[in-house]
1. Could you tell me the largest-minus-smallest coordinate of the C-alpha atoms of segment 2-121 on each of the three principal axes, in descending order and whole angstroms?
2. Let me check I've understood the local charge: for Ala369, count other residues with C-beta under 13 angstrom from its C-beta, Lys and Arg +1, Asp and Glu -1. What total comes out?
3. So, in nm, how far is label Leu337 from label Val453 when the simple model puts each one 7 Å beyond its Cα toward the Cβ?
4. Quick one: putting +1 on the C-beta of Lys and Arg, -1 on the C-beta of Asp and Glu, what dipole do you get for the chain around its Cα centre, in Debye to the nearest 20?
5. Straight-line reach from Lys430: which aspartates and glutamates fall under 20 Å, measuring Cα to Cα and dropping same-chain residues less than 8 apart?
6. Pick out, in residue order, every one of the trypsin sites (Lys or Arg not before Pro) in segment 114-192 that is DSSP loop and has at most 14 other C-beta atoms within 10 Å; say none if there are none.
7. Using Cα positions and a limit of under 12 Å, work out the aspartates and glutamates in reach of Lys160, with same-chain residues fewer than 8 apart set aside.
8. Give a residue-ordered list of calculated ³J(HN,Hα) values for segment 19-27 (Karplus: 6.51 cos²θ - 1.76 cosθ + 1.60, θ = phi - 60°; whole Hz; x for Gly, Pro).
Amino acid sequence: MKIIIAGAGKVGTTLTRQLAAEGYDVTVVDSQPGVLETTEEMYDVMSIQGNCASMDVLEQAGVREADLLIVTTNADEINLLCSLTAHGMNPRIHTIARIRNPEYNSQLIKMRDTFALSLIVNPEAQAAVEIERLLKYPGFLKRDTFAKGRVEIVELRVDKSSKLCNMALNNLSDVVKCKILVCTVLREGQVIAPDGNFVLREGDRVFVTAPSQNLTILLRNLGIITHRAKRVMICGGSRISYYLAKLLEKSGIQVQLLENNHDKCVELASALPGVSVIHSDASDQNELENEGIADCDAVITMTGLDELNMIVSMYAAECGVPQVITKLGRIDNSRILDRLNLGSIISPKELCCNTIVRYVRAMKNQTGAALAVHTIADGKAEALEFRVDENTRHCEEPLKQLKTKKNILIVCITRGVKQIIPDGESFYQKGDTVIVVSNGDQVIYQLNDIFEV
């Protein structure tokens, strides 16, 4: 499959790396020659310099033979024009565009076909929804949803005082008293697919599969405070801050939004009449104290600087804020981040790329493609959801008899409204959905890919 990626920023580069690694024929278009040179050297892809909305540049990139165009430049208008132009040159091409400006939301929904858009992605809006979900369950660092919201894979950190510390997984059910499955553990940067004899240690990050209704039980029995936030401080007046403040305002949560640019404060105050927008510098400790950081239920750092977000988050944790959420544009140095008290880490880039990769894989496999794809454990593992159909192998056979590839685990089966955390006697049948976690390098395009030949 031939893919054109227009825009070699954070999202474009991440997609280039992942899609090239999966064997797709990728061509990258960008106006900056230095960026393209680096991309070519690192990922062994073709590159074209120029304006991606130009017919001549798209012609050079091979748009007439391409199957998919992904446009991720920093300008929404260029992304729209590029998609429209590409579709005019090749009516069968699929187009994915990143559109971030909230002002375009309603008209894009109404005019999606007019703009020839197969998929619209908005990393900031996705990040805001993810943060709102984390605020509902303060004990979890991350939540990924499957089976239409009925099953989740959640992330917990094991600290010194945790009931999980030094516990063998065989004894876990005695403590949590509900049906869960530990599908992956991240220890010192290494991904582990644990068995029942595995002993959890301080500092481990544990990824747990559970029906959504068991999450509250899980937190309560682990002794983790689960009071929902009533007062939230947002540091930085970014697009994510706008989307998030709108969501929290609807939920009746008191929001303080700190922004050091006066003009942006005026703009946000006008757009968010129910939010307390404060002209304040989040990097100033005195100002944070004056605004009552220590009395907040949650602090969310979303300035444009990763380093500032990290510093403010660590200070909030030092002040005893129950829940801290940190937005980072780059999370490449996960070993370093593990040692810092940053709370939950949100990466809009990763959320956006997950959505696009799922679409690409669905294009490749018209039948049997994943219903959901989430990267977990700092991108070292994938959780995928598939529907069982007439082509799926080993239907109604006990899982203990199946030979799956190394580092692959079936973690949940959904049958109607019932969620099954499987054991060796469990089985799946036509119509079920199955959640699989892959800790290896292999790409799972459809459910049959998990089995040994």
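None of the figures in this text is laboratory data; all of them are computed from the coordinates on show. Worth saying up front: this structure is predicted, and the values here are computed from it rather than measured. Glycine also receives a Cβ, built like all others from the backbone with ideal geometry; neighbour counts cover every protein chain displayed.
1. Reported extents, whole Å, longest axis first: 41, 27, 26.
2. Around Ala369, the charge tally is +1.
3. So the label points at Leu337 and Val453 sit 3.7 nm apart.
4. 1620 debye
5. Excluding near neighbours in sequence, the set is Glu385, Asp389, Glu390, Glu396, Glu397, Asp449.
6. Lys160, Lys177
7. Glu202, Asp204
8. 6, 5, 5, 7, x, 7, 7, 10, 10
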